[in-house]
1. Residues in the range 95-118: is at least one under 30 Å from Leu22 (Cβ atoms), touching a residue at least 40 places away in the same chain (Cβ under 8 Å) and not aliphatic (A, V, I, L, M)?
2. Which condition does Ala24 not pass, out of (1) at pLDDT below 80; (2) more than 19 Å from Asp120 (Cβ to Cβ), if it passes all the others?
3. Could you say whether any residue in the range 68-82 is in contact with a helix residue (DSSP H, G or I) (Cβ under 9 Å, 6 or more places away or on another chain) and exposed (fewer than 14 other Cβ atoms within 10 Å of the Cβ)?
4. Among the numbered criteria (1) surrounded by 10 or more Cβ atoms within 10 Å (Cβ to Cβ); (2) at pLDDT 85 or above; (3) not assigned by TED's automatic domain parsing to the domain that holds Ala118, which one does Asn19 miss?
5. When residues of the range 83-103 are filtered for being surrounded by 14 or more Cβ atoms within 10 Å (Cβ to Cβ) and not in a helix (DSSP H, G or I), how many remain?
6. Note down all Cβ pairs under 8 Å where the first residue falls in the range 64-81 and is farther than 18 Å from Val123 by Cβ, the second is among the charged types (D, E, K, R) and crowded, with 18+ Cβ neighbours inside 10 Å, and they're at least six residues apart or on different chains.
7. Restricting to the range 95-112, count the residues that are over 18 Å from Gly46 (Cβ atoms) and under 13 Å from the mean Cα position of the chain (by Cα).
Amino acid sequence: MKKTEAPKLRKRAAKRDLNAELLAAIGDAKAGRWARKTEFTRRADGGWRRRIVLADGTVEKDEVIPASASAQVARAGTGLSQAQFAKLIGVSLRTLQEWEQGRKRPSGPASALLRIVARDPQVVGALRENVTLVP
């Protein structure tokens, strides 16, 4: 960032009322209004279709998650956030992110668990009873 840009950014930030923006966002969430929503649809080949839809109905992103991406497919079926899913299966959030981005591969037992959850997402219901998830 150039030195001349910093004062402009500070001036613009000073005009914003972040507390009001946060309160409005919380009110929208409680009222069920949303800015964007992620929808998952199971495909016949075992993968998932992920669509990110904006509130006005436009599709921001539409992609297919192949069945070979076990961490993404398993989490997609549960509808949980990364943080919730990581806590549920007993790994760190960073580890789950590494798996989903393809930088690391799950170990044998973790891979087996992910395959089970991908095949039957309802199996996490039994796990959820024993773990308190963050909303």
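1. No: the range 95-118 contains no residue that is under 30 Å from Leu22 (Cβ atoms), touching a residue at least 40 places away in the same chain (Cβ under 8 Å) and not aliphatic (A, V, I, L, M).
2. Among (1) at pLDDT below 80; (2) more than 19 Å from Asp120 (Cβ to Cβ), the lone unmet condition for Ala24 is (1).
3. From the range 68-82, those in contact with a helix residue (DSSP H, G or I) (Cβ under 9 Å, 6 or more places away or on another chain) are 69-82; that's our starting set.
Now drop any that are not exposed (fewer than 14 other Cβ atoms within 10 Å of the Cβ), which leaves 79.
Checked against the condition, which is being in contact with a helix residue (DSSP H, G or I) (Cβ under 9 Å, 6 or more places away or on another chain) and exposed (fewer than 14 other Cβ atoms within 10 Å of the Cβ), the range 68-82 yields at least one hit.
4. Against the list (1) surrounded by 10 or more Cβ atoms within 10 Å (Cβ to Cβ); (2) at pLDDT 85 or above; (3) not assigned by TED's automatic domain parsing to the domain that holds Ala118, Asn19 comes up short only on (1).
5. 1
6. Short answer, once both residue conditions are applied: Ala69/Glu100.
7. So the count comes out to 3.
The values are calculated or read from the model by the stated rules, or taken from the named source; none is laboratory data. Quick caveat, the model's predicted, so the values are computed rather than measured. Neighbour counts run over all protein chains shown; Cβ positions are idealised from the backbone, glycine included.
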